[in-house]
Amino acid sequence: MTTEFPKNFLWGGATAANQIEGAWDVDGKGVSVQDLLTGGTVDKPRHFTAKVDPDAYYPSHTASDFYHHYKEDIKLLAEMGFKVYRLSINWTRIFPNGDDEKPNQAGIDFYHKVFQECHKYGIEPLVTISHYEVPYHLTAAYGGFSSRKVIDFFENYCRVLFESYKDEVHLWLTFNEINTALMFGGGYIQAGVPVKDGSSIFDRVTKEQRQNAFQAVHNQLVASAKAVKLAHEINPENKVGCMIAGSEVYPLTPDPKDVLLAQQQTEMNNFYCGDVHVRGAYPAFAKKYWRDNDIHLEIDPSDAKTLKDGTVDFYSFSYYSSGAVTIHPEKQEKVNGNMSSGTKNPYLKYSDWGWSMDPEGLRIYLNQVYQRYQIPLMIVENGLGAYDKVEADGSINDDYRIDYLRGHVEAMKEALDDGVDLIGYTPWGCIDLASASTGQMSKRYGFIYVNRHDDQTGDYSRTPKKSFYWYKKVIESNGKEVE
Ligand code: BG6
């Protein structure tokens, strides 16, 4: 294989405000949907409380305290040689309630400082506009994105961002993992759709919640298209991408029924939203899906044009693992992991949280998506959530993480050789942060260890792990040295 990574390949890492910043109620910040989700574990899922319970623990309230450590953190990212840093803006720092007349200047100023710090080291910020952080007031007062009114609030928020950061940010993503609203939690985390007080994020979704979640995703797709158009109008240099939770689903057996099932699940997962973002229209299978599942979308006559006028400049996605399906229960061994319960693939190894590790799946995914869309692709999340041990001498030897990442970097190289136009890679949780699905600090992804624990002890000090030095070499050699 002769292919090398392109000269300007965007090596970096990714985080999200609610999982890293902490400082949940300072400098005028409002309450987001995350700020009402308690901590959990694999066996005891996070749950939603309509009010903050003083006896409960909410990971987003403290997280990794990036709010007070951003200078130190960005300096460490620069030491690794980052070209790009993907982070999200906490919507409630800018508009505490979401529908406020005026933005909160202190929130705008905080991100100016963060972006200036990035530029000091030549790091390009890649900003997610909404990463599981919808203002809770929009949920309580309007039903989150299931209401069309929220499209206008989102557009207004985008305008403030594009104008305020015109000189500092040129790479944007609209909604993080937009398709996850259809997968779990009834769309609460992703789209701010209301759920019952006390319910867990993995409770079975009711028919009504499912309907609301589909409507919310449609409204978000419209909101995203409007944002893309606005971003280009405000600064033609802006490039805007979508962000899909990517996954390959394999048939467990060659039974054509298994193959069909796997194909249907893969397409629904990867292309239902992807097609609207990239092609400006729903895929052909959507109508049948709505019919079969009794979903009735309110689509405004103007939406078709809005969607066509607001297609994205690049396609970004997260990729952690793959799944398998079968109609043959006798052949099935189950995985009982966090978000990954289902059929076990006997050819793959699984993480401590039951997520499969499958670098070839990434190559398959990249090829499949690129052949369909033929626009630049970017992997904006990938990584291994694992328990890390601090040795007596203070070192953290995370060889398991290096192995996982090496496999995926090699798969990226193969995909480039296949002809895929891959422009960047930002592994997830480059600085340890709170897990989105379990809320645990102990599910660590970082190159940088944060001394903070599930029992809320720890002084937030930062320590580079072994993977920090490994990734630095990967970046320095532009992907040539991965050993
Ligand atoms: C993605 C999200 O689903 O996966 C992140 O965009 C999340 O917010 C990441 O943290 C890893 O998942 P988890 O549950 O291990 O934190």
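The values are calculated or read from the model by the stated rules, or taken from the named source; none is laboratory data. Quick caveat, the model's predicted, so the values are computed rather than measured. Don't worry about glycine lacking a Cβ; one is built from the backbone with ideal geometry, like all the others, and counts go over all protein chains shown. Surface accessibility is based on the protein's heavy atoms, side chains included, excluding ligands, DNA and RNA. Shrake-Rupley method; radii C 1.70, N 1.55, O 1.52, S 1.80 Å.
Numbers below:
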{"quantity": "Amide H contacts under 5 Å for Y132, placed H, 5+ residues apart", "calculated": "N176"}
{"quantity": "Residue-by-residue Karplus 3J(HN,Hα) for segment 304-312, coefficients 6.51, -1.76, 1.60, Hz, glycine and proline x", "calculated": "4, 6, 4, 5, 5, 7, x, 6, 7"}
{"quantity": "Point-to-point label distance, N97-K83, nm (Cα→Cβ direction, 7 Å offset)", "calculated": "4.5"}
{"quantity": "Formal net charge of residues neighbouring K288 (Cβ-Cβ distance under 15 Å; K, R +1; D, E -1)", "calculated": "-2"}
{"quantity": "Rounded FRET efficiency, nearest 0.05, which uses the C-beta distance separating L260 from I375 and R0 of 30 Å", "calculated": "0.60"}
{"quantity": "For the chain: accessible area per residue (Å², 1.4 Å)", "calculated": "39"}
{"quantity": "Theoretical ellipticity at 222 nm over the chain - DSSP helices of four or more residues, -39500 (n - 2.57) apiece, nearest 500", "calculated": "-11500 deg cm²/dmol"}
{"quantity": "Under the Karplus curve 6.51 cos²θ - 1.76 cosθ + 1.60, θ = phi - 60°, whole-Hz ³J(HN,Hα) for segment 280-290, x wherever Gly or Pro sits", "calculated": "x, 7, 5, x, 4, 6, 4, 4, 5, 4, 4"}
{"quantity": "Sulfur and carbon atoms: percent of accessible area, segment 377-430 [1.4 Å]", "calculated": "46"}
{"quantity": "Local electrostatic count at Y315 - Lys and Arg +1, Asp and Glu -1, tallied over other residues with Cβ under 12 Å", "calculated": "0"}
{"quantity": "Loop trypsin sites (Lys or Arg not before Pro), segment 401-464 (other Cβ atoms within 10 Å of the site Cβ: 11 or fewer; DSSP)", "calculated": "none"}
{"quantity": "Rounded Å value of the spacing that divides the Cα centres of segment 407-483 and segment 88-164", "calculated": "26"}
{"quantity": "Pairwise centroid distance, computed over Cα atoms, of segment 12-34 with segment 48-79, Å", "calculated": "6"}
{"quantity": "Residue pairs, from the table K287/K344; K120/K229; K29/K149; K257/K334; K196/K239, whose Cα atoms sit over 27 Å apart", "calculated": "K287/K344; K120/K229; K196/K239"}
{"quantity": "Binned Cα-Cα distance frequencies in the chain - 10 Å width, integer %", "calculated": "4, 21, 33, 29, 12, 1, 0"}
{"quantity": "Normalised alpha carbon radius of gyration of segment 289-343 [divisor 2.2 N^0.38 Å]", "calculated": "1.85"}
{"quantity": "Net +/- balance of residues flanking V249 in space, Cβ distance below 15 Å, scoring K and R +1, D and E -1", "calculated": "-4"}
{"quantity": "Distant-in-sequence amide H partners of D255 (H built 1.01 Å from N, under 5 Å)", "calculated": "none"}
{"quantity": "Estimated inter-spin distance, D27 and K288, nm [label 7 Å along Cα→Cβ]", "calculated": "5.2"}
{"quantity": "Taking only Cα atoms of segment 357-405, radius of gyration then Dmax in Å", "calculated": "15.9, 51"}
{"quantity": "Segment 376-388 - phi-based ³J(HN,Hα) in whole Hz, Karplus 6.51/-1.76/1.60, Gly and Pro as x", "calculated": "x, 10, 9, 8, 9, 7, 5, x, 10, x, 8, 6, 10"}
{"quantity": "Long-range HN-HN contacts of T343 with modeled amide H, under 5 Å", "calculated": "A324, V335"}
{"quantity": "The chain: antiparallel DSSP beta bridges as a percent of all, rounded to 5", "calculated": "25"}
{"quantity": "Label-to-label distance, nm, for residues given as E391 and N8 (7 Å Cα→Cβ offset)", "calculated": "4.1"}
